[in-house]
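A short write-up of the structure that comes next.
The values are calculated or read from the model by the stated rules, or taken from the named source; none is laboratory data. Since the model is a prediction, treat every value here as computed from it, not as a measurement. FYI the Cβ positions are ideal-geometry reconstructions off the backbone, even for glycines, and counts take in every protein chain you see. Surface areas here come from the heavy atoms of the whole protein model, side chains and all, with no ligands, DNA or RNA. Shrake-Rupley method; radii C 1.70, N 1.55, O 1.52, S 1.80 Å.
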Amino acid sequence: MEEEMHTDAKIRAETGTGSSPRGPGCSLRHFACEQNLLSRPDGSASFLQGDTSVLAGVYGPSEVKVSKEIFNKATLEVILRPKIGLPGVAEKSRERLIRNTCEAVVLGTLHPRTSITVVLQVVSDAGSGAQLLACCLNAACMALVDAGVPMRALFCGVTCALDSDGTLVLDPTSKQEKEARAVLTFALDNVERKLLMSSTKGLFSDAEIIRGQGAHD
(Lines give C-alpha, C1' and ligand atoms only; values in the text may rest on other atoms or scores of the structure.)
Protein backbone atom coordinates (compact mmCIF):
# COMPACT_ATOMS: atom_id res chain seq x y z
CA MET A 1 0.00 0.00 0.00
CA GLU A 2 2.88 2.37 0.72
CA GLU A 3 4.18 1.75 -2.80
CA GLU A 4 0.72 2.51 -4.24
CA MET A 5 0.43 5.79 -2.30
CA HIS A 6 3.92 6.87 -3.35
CA THR A 7 3.09 6.21 -7.01
CA ASP A 8 -0.18 8.13 -6.78
CA ALA A 9 1.54 11.11 -5.14
CA LYS A 10 4.24 11.09 -7.82
CA ILE A 11 1.73 11.20 -10.65
CA ARG A 12 -0.26 13.97 -8.97
CA ALA A 13 2.87 16.04 -8.60
CA GLU A 14 3.61 15.68 -12.32
CA THR A 15 0.10 16.45 -13.60
CA GLY A 16 -1.52 18.70 -11.01
CA THR A 17 -4.60 18.07 -8.90
CA GLY A 18 -7.94 16.83 -10.17
CA SER A 19 -9.59 20.14 -9.34
CA SER A 20 -7.56 22.07 -11.93
CA PRO A 21 -9.68 24.36 -14.14
CA ARG A 22 -10.62 23.22 -17.60
CA GLY A 23 -12.62 24.50 -20.50
CA PRO A 24 -16.36 23.86 -20.84
CA GLY A 25 -17.95 21.03 -22.78
CA CYS A 26 -15.99 18.12 -24.22
CA SER A 27 -12.63 18.40 -22.49
CA LEU A 28 -10.81 16.03 -20.16
CA ARG A 29 -9.27 16.73 -16.80
CA HIS A 30 -5.58 16.02 -16.24
CA PHE A 31 -4.79 12.32 -16.55
CA ALA A 32 -1.60 10.27 -16.35
CA CYS A 33 -0.44 6.67 -16.61
CA GLU A 34 2.68 4.87 -15.44
CA GLN A 35 3.53 1.25 -16.24
CA ASN A 36 5.76 -1.46 -14.74
CA LEU A 37 5.36 -0.23 -11.16
CA LEU A 38 5.12 -3.55 -9.33
CA SER A 39 7.60 -6.42 -9.33
CA ARG A 40 5.36 -9.40 -8.55
CA PRO A 41 2.71 -9.16 -11.32
CA ASP A 42 3.60 -9.91 -14.94
CA GLY A 43 2.39 -6.42 -15.82
CA SER A 44 1.18 -3.38 -13.90
CA ALA A 45 0.00 0.17 -14.42
CA SER A 46 -1.35 3.12 -12.47
CA PHE A 47 -3.95 5.36 -14.05
CA LEU A 48 -4.97 8.75 -12.68
CA GLN A 49 -7.78 10.94 -13.96
CA GLY A 50 -9.10 13.90 -12.02
CA ASP A 51 -9.43 12.85 -8.39
CA THR A 52 -9.62 9.13 -9.15
CA SER A 53 -6.64 6.77 -9.24
CA VAL A 54 -6.45 3.01 -9.79
CA LEU A 55 -3.51 0.60 -9.64
CA ALA A 56 -3.73 -2.53 -11.80
CA GLY A 57 -1.73 -5.75 -11.85
CA VAL A 58 -1.96 -8.57 -14.41
CA TYR A 59 -0.97 -12.17 -13.68
CA GLY A 60 -0.59 -14.65 -16.51
CA PRO A 61 -1.04 -16.34 -18.81
CA SER A 62 -0.39 -18.96 -16.11
CA GLU A 63 -1.64 -22.30 -14.84
CA VAL A 64 -5.38 -22.43 -14.19
CA LYS A 65 -7.44 -24.51 -11.78
CA VAL A 66 -9.07 -27.53 -13.39
CA SER A 67 -12.51 -26.31 -12.32
CA LYS A 68 -12.01 -23.02 -14.21
CA GLU A 69 -10.18 -24.41 -17.23
CA ILE A 70 -11.53 -23.61 -20.71
CA PHE A 71 -10.17 -25.98 -23.35
CA ASN A 72 -10.10 -23.51 -26.28
CA LYS A 73 -9.17 -20.19 -24.65
CA ALA A 74 -7.75 -18.53 -21.56
CA THR A 75 -9.86 -17.98 -18.47
CA LEU A 76 -9.98 -14.25 -17.72
CA GLU A 77 -10.76 -13.02 -14.22
CA VAL A 78 -11.08 -9.49 -12.84
CA ILE A 79 -10.78 -8.64 -9.14
CA LEU A 80 -11.65 -5.11 -7.98
CA ARG A 81 -10.60 -4.07 -4.49
CA PRO A 82 -12.09 -0.90 -2.95
CA LYS A 83 -9.91 1.63 -1.17
CA ILE A 84 -11.43 0.70 2.20
CA GLY A 85 -13.31 -2.41 3.26
CA LEU A 86 -14.38 -5.51 1.38
CA PRO A 87 -15.79 -5.71 -2.16
CA GLY A 88 -19.56 -5.29 -2.36
CA VAL A 89 -22.31 -5.43 -4.97
CA ALA A 90 -20.99 -2.33 -6.79
CA GLU A 91 -17.50 -3.83 -7.12
CA LYS A 92 -18.89 -7.13 -8.42
CA SER A 93 -20.93 -5.28 -11.03
CA ARG A 94 -17.88 -3.33 -12.20
CA GLU A 95 -15.82 -6.53 -12.28
CA ARG A 96 -18.32 -8.05 -14.71
CA LEU A 97 -18.28 -5.00 -17.00
CA ILE A 98 -14.47 -4.82 -17.02
CA ARG A 99 -14.13 -8.57 -17.62
CA ASN A 100 -16.55 -8.47 -20.56
CA THR A 101 -14.59 -5.56 -22.07
CA CYS A 102 -11.25 -7.32 -21.67
CA GLU A 103 -12.62 -10.57 -23.12
CA ALA A 104 -13.73 -8.65 -26.22
CA VAL A 105 -10.13 -7.68 -27.10
CA VAL A 106 -7.83 -10.26 -25.45
CA LEU A 107 -6.80 -13.04 -27.85
CA GLY A 108 -7.47 -15.79 -25.34
CA THR A 109 -7.44 -18.52 -28.01
CA LEU A 110 -3.65 -18.12 -28.24
CA HIS A 111 -3.31 -19.37 -24.65
CA PRO A 112 -5.93 -22.10 -24.09
CA ARG A 113 -6.18 -23.81 -20.69
CA THR A 114 -4.46 -20.91 -18.93
CA SER A 115 -5.50 -18.12 -16.58
CA ILE A 116 -5.20 -14.34 -16.97
CA THR A 117 -6.09 -12.38 -13.85
CA VAL A 118 -6.49 -8.60 -13.64
CA VAL A 119 -6.37 -7.19 -10.09
CA LEU A 120 -7.50 -3.57 -9.64
CA GLN A 121 -6.85 -1.62 -6.44
CA VAL A 122 -8.65 1.69 -5.93
CA VAL A 123 -6.06 4.17 -4.59
CA SER A 124 -8.25 7.29 -4.54
CA ASP A 125 -11.94 7.72 -5.32
CA ALA A 126 -13.75 11.05 -5.63
CA GLY A 127 -17.15 9.40 -5.13
CA SER A 128 -18.01 9.21 -8.82
CA GLY A 129 -18.94 5.63 -9.62
CA ALA A 130 -18.99 6.21 -13.38
CA GLN A 131 -15.57 7.90 -13.35
CA LEU A 132 -14.16 5.04 -11.25
CA LEU A 133 -15.36 2.50 -13.82
CA ALA A 134 -13.70 4.45 -16.65
CA CYS A 135 -10.47 4.74 -14.67
CA CYS A 136 -10.50 0.98 -13.93
CA LEU A 137 -10.94 0.21 -17.64
CA ASN A 138 -7.98 2.40 -18.59
CA ALA A 139 -5.76 0.96 -15.85
CA ALA A 140 -6.66 -2.59 -16.89
CA CYS A 141 -5.80 -1.91 -20.54
CA MET A 142 -2.42 -0.39 -19.70
CA ALA A 143 -1.57 -3.27 -17.36
CA LEU A 144 -2.48 -5.85 -20.03
CA VAL A 145 -0.18 -4.05 -22.47
CA ASP A 146 2.63 -4.04 -19.89
CA ALA A 147 2.17 -7.78 -19.33
CA GLY A 148 2.45 -8.47 -23.06
CA VAL A 149 -0.97 -10.12 -23.24
CA PRO A 150 -1.94 -10.45 -26.93
CA MET A 151 -4.90 -8.22 -27.86
CA ARG A 152 -6.62 -7.42 -31.16
CA ALA A 153 -6.97 -3.78 -30.08
CA LEU A 154 -6.48 -1.38 -27.19
CA PHE A 155 -9.50 0.09 -25.42
CA CYS A 156 -10.34 3.11 -23.32
CA GLY A 157 -13.10 4.06 -20.91
CA VAL A 158 -14.65 7.56 -20.81
CA THR A 159 -17.64 9.00 -18.97
CA CYS A 160 -20.00 11.78 -20.02
CA ALA A 161 -23.00 13.44 -18.39
CA LEU A 162 -26.13 15.08 -19.77
CA ASP A 163 -27.39 18.22 -18.05
CA SER A 164 -31.09 18.99 -17.67
CA ASP A 165 -30.95 21.06 -20.86
CA GLY A 166 -29.23 18.30 -22.82
CA THR A 167 -25.72 19.77 -22.72
CA LEU A 168 -23.04 17.09 -22.97
CA VAL A 169 -20.22 17.24 -20.41
CA LEU A 170 -17.26 14.92 -20.96
CA ASP A 171 -15.40 13.54 -17.93
CA PRO A 172 -17.79 15.04 -15.32
CA THR A 173 -16.76 15.74 -11.74
CA SER A 174 -18.64 14.03 -8.91
CA LYS A 175 -20.70 17.20 -8.42
CA GLN A 176 -21.60 17.38 -12.11
CA GLU A 177 -22.48 13.69 -12.07
CA LYS A 178 -24.88 14.12 -9.15
CA GLU A 179 -26.60 17.07 -10.83
CA ALA A 180 -26.83 15.43 -14.26
CA ARG A 181 -29.98 14.03 -15.84
CA ALA A 182 -28.03 11.04 -17.12
CA VAL A 183 -24.51 9.63 -16.81
CA LEU A 184 -23.02 7.31 -19.44
CA THR A 185 -19.76 5.36 -19.47
CA PHE A 186 -18.41 3.77 -22.65
CA ALA A 187 -15.54 1.47 -23.54
CA LEU A 188 -14.29 1.76 -27.14
CA ASP A 189 -11.56 0.00 -29.07
CA ASN A 190 -8.91 1.96 -30.97
CA VAL A 191 -8.99 -0.03 -34.21
CA GLU A 192 -12.58 0.02 -35.43
CA ARG A 193 -13.85 2.37 -32.70
CA LYS A 194 -16.47 -0.20 -31.81
CA LEU A 195 -18.53 0.08 -28.66
CA LEU A 196 -17.33 -2.67 -26.33
CA MET A 197 -19.29 -1.77 -23.21
CA SER A 198 -21.81 0.78 -21.99
CA SER A 199 -23.08 1.57 -18.52
CA THR A 200 -25.84 4.13 -18.17
CA LYS A 201 -27.85 5.78 -15.41
CA GLY A 202 -30.71 8.25 -15.73
CA LEU A 203 -33.03 9.35 -18.53
CA PHE A 204 -31.82 9.92 -22.10
CA SER A 205 -32.90 9.45 -25.71
CA ASP A 206 -31.38 7.24 -28.39
CA ALA A 207 -30.04 10.33 -30.15
CA GLU A 208 -28.34 11.52 -26.96
CA ILE A 209 -26.58 8.21 -26.32
CA ILE A 210 -25.29 8.20 -29.92
CA ARG A 211 -24.07 11.79 -29.44
CA GLY A 212 -22.35 10.78 -26.20
CA GLN A 213 -20.60 7.87 -27.88
CA GLY A 214 -19.52 10.11 -30.76
CA ALA A 215 -18.00 12.68 -28.39
CA HIS A 216 -15.50 10.10 -27.16
CA ASP A 217 -14.21 9.52 -30.68
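Points to keep in mind about this one:
- The LEU28 and THR167 beta-carbon pair, evaluated with R₀ = 22 Å, returns a calculated FRET efficiency of approximately 0.85.
- In this Cβ point-charge picture (+1 for Lys and Arg, -1 for Asp and Glu), the range 31-213 has a dipole of about 480 debye about its Cα centre.
- Stretched out straight at 0.36 nm per residue, the stretch from ALA153 to ASN72 would grow longer than its current Cα-Cα span by 27.1 nm.
- With R₀ fixed at 22 Å, the C-beta to C-beta distance from GLU63 to GLU103 puts the FRET efficiency at about 0.65.
- With kT/(6 pi eta Rh) evaluated at 10 °C and eta = 1.306 mPa s, and Rh the Kirkwood radius from Cα pairs, the range 122-203 diffuses with a coefficient of 118 µm²/s according to Stokes-Einstein.
- Sequence-distant contacts, meaning Cα pairs under 8 Å at least 6 residues apart, place the relative contact order of the range 54-159 at 40 percent.
- Packing-based order for 41-54, 88-101, using average beta carbon neighbours within 10 Å, highest first: 41-54, 88-101
- Quarter the surface of the alpha carbon convex hull of the range 31-213 and you get the mean projected area, 10.8 square nanometres.
- Toward the positive end of the charge dipole of the range 80-217, with +1 on the Cβ of Lys and Arg and -1 on the Cβ of Asp and Glu, the farthest Cα among VAL191, VAL123, SER205 is that of VAL123.
- Toward the positive end of the charge dipole of the range 94-179, with +1 on the Cβ of Lys and Arg and -1 on the Cβ of Asp and Glu, the farthest Cα among ALA139, HIS111, PRO150 is that of HIS111.
- Heavy-atom accessible area ranking, 1.4 Å probe, most first, across GLU103, GLU177: GLU103, GLU177
- Protection proxy ranking, highest mean first, for peptides 34-40, 138-144: 138-144, 34-40, where packing is the per-residue count of other beta-carbon atoms within 10 Å, averaged.
- Computed extension length for LYS194-ARG81: 37.9 nm, one decimal, from 0.36 nm per residue of separation with the Cα-Cα distance subtracted.
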